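Structure, as structure tokens:
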Amino acid sequence: MSSWVVDLEPVLGSEVHDPLVRPWLEEVFDSHGSAPAWYVEELAAQRQRELVAELVPVVLDQAEAALGHRPEMRVDGNTVGHDQVWAVTRALALVWIADAAQSLIASRDRVVWPVCPQHRVGQHPELRDGIAVWVCRTGDHVVDRIG
């Protein structure tokens, strides 16, 4: 499988070596064998669209709970707001989607969301220990899970 992963790199990028992406690639390999890079790229695009469809509502639920209204968010395939989501794993997709939602809300509505209750500053979506979380960089602490 390792030589197959190396063959995918020119098409899919260095993310193929990310330990968080590895389980998805193993699943693809187990189901499709040494599929050509173009086919794996199609599978990745399908997975990205599925994750966006599943997880945008989860992030918007969290925004609605904090803001008191549900933000409008354009979703088209793997595009959320103005950003494309390239992740093939749930945790990474949550971070990408949260970042896209946060950016759109900030630029369009001029609202900082979410806000750290302790430091009163905006939080940042990050992946910590494989979990998508909102982080306050002022106190360098995890405030909440994303979603």
Quick check on my filter: what residues within the stretch 122-134 are touching a helix residue (DSSP H, G or I) at 6+ places or on another chain (Cβ under 9 Å) and not aromatic (Phe, Trp, Tyr)? GLY122, GLN123, HIS124, PRO125, GLU126, LEU127, GLY130, ILE131, ALA132, VAL133
Positions within the stretch 18-33 being surrounded by 14 or more Cβ atoms within 10 Å (Cβ to Cβ) and either of a type outside the set (Phe, Trp, Tyr) or touching a strand residue (DSSP E or B) at 6+ places or on another chain (Cβ under 7 Å) (or both), in sequence order: ASP18, LEU20, VAL21, ARG22, LEU25, VAL28
Please tell me if GLY68 is under 17 Å from the mean Cα position of the chain (by Cα) and at positive phi. no
Please specify each residue of the stretch 87-121 satisfying the condition of being in contact with a helix residue (DSSP H, G or I) (Cβ under 6 Å, 6 or more places away or on another chain), farther than 14 Å from PRO57 by Cα and free of Cβ contacts under 8 Å to residues at least 60 places away in the same chain. ALA87, VAL111, TRP113, PRO114
Consider ALA44 carefully, then state whether it is aliphatic (A, V, I, L, M), touching a residue at least 24 places away in the same chain (Cβ under 8 Å) and in contact with a Gly (Cβ under 8 Å, 6 or more places away or on another chain). no
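When you scan the stretch 89-147, how many residues do you find that are over 30 Å from LEU43 (Cα atoms), among the acidic types (Asp, Glu) and at pLDDT below 95? Break it down into steps so the answer makes sense when it comes.
So in the stretch 89-147, the residues over 30 Å from LEU43 (Cα atoms) come out as 105-123, 135-144.
With among the acidic types (Asp, Glu) added as a condition, the list becomes 109, 140, 144.
Then keep just the ones that are at pLDDT below 95; that gives 109, 140.
Adding up the residues that qualify gives 2.
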Could you grab the pairs with beta carbons closer than 8 Å, sequence gap of 6+ or different chains, first residue in the stretch 1-27 and touching a residue at least 12 places away in the same chain (Cβ under 8 Å) and closer than 22 Å to ASP129 by Cβ, second one of a type in the set (Gly, Ala, Ser) and surrounded by fewer than 16 Cβ atoms within 10 Å (Cβ to Cβ)? LEU20/GLY130
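So which residues in the stretch 1-53 are small (Gly, Ala, Ser) and over 20 Å from the mean Cα position of the chain (by Cα)?
First pass over the stretch 1-53, keeping only residues small (Gly, Ala, Ser): 2-3, 13-14, 31, 33-35, 37, 44-45, 53.
Scanning the stretch 1-53 gives SER2, SER3, SER31, GLY33, SER34, ALA35, ALA37.
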Can you tell me which residues in the stretch 1-40 are among the charged types (D, E, K, R) and farther than 30 Å from ARG145 by Cβ? ASP7, GLU9
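The values are calculated or read from the model by the stated rules, or taken from the named source; none is laboratory data. All values derive from a computational prediction rather than experimental measurement. Note that we place each Cβ from the backbone using ideal geometry, even for glycine, and neighbour counts take in every protein chain shown.
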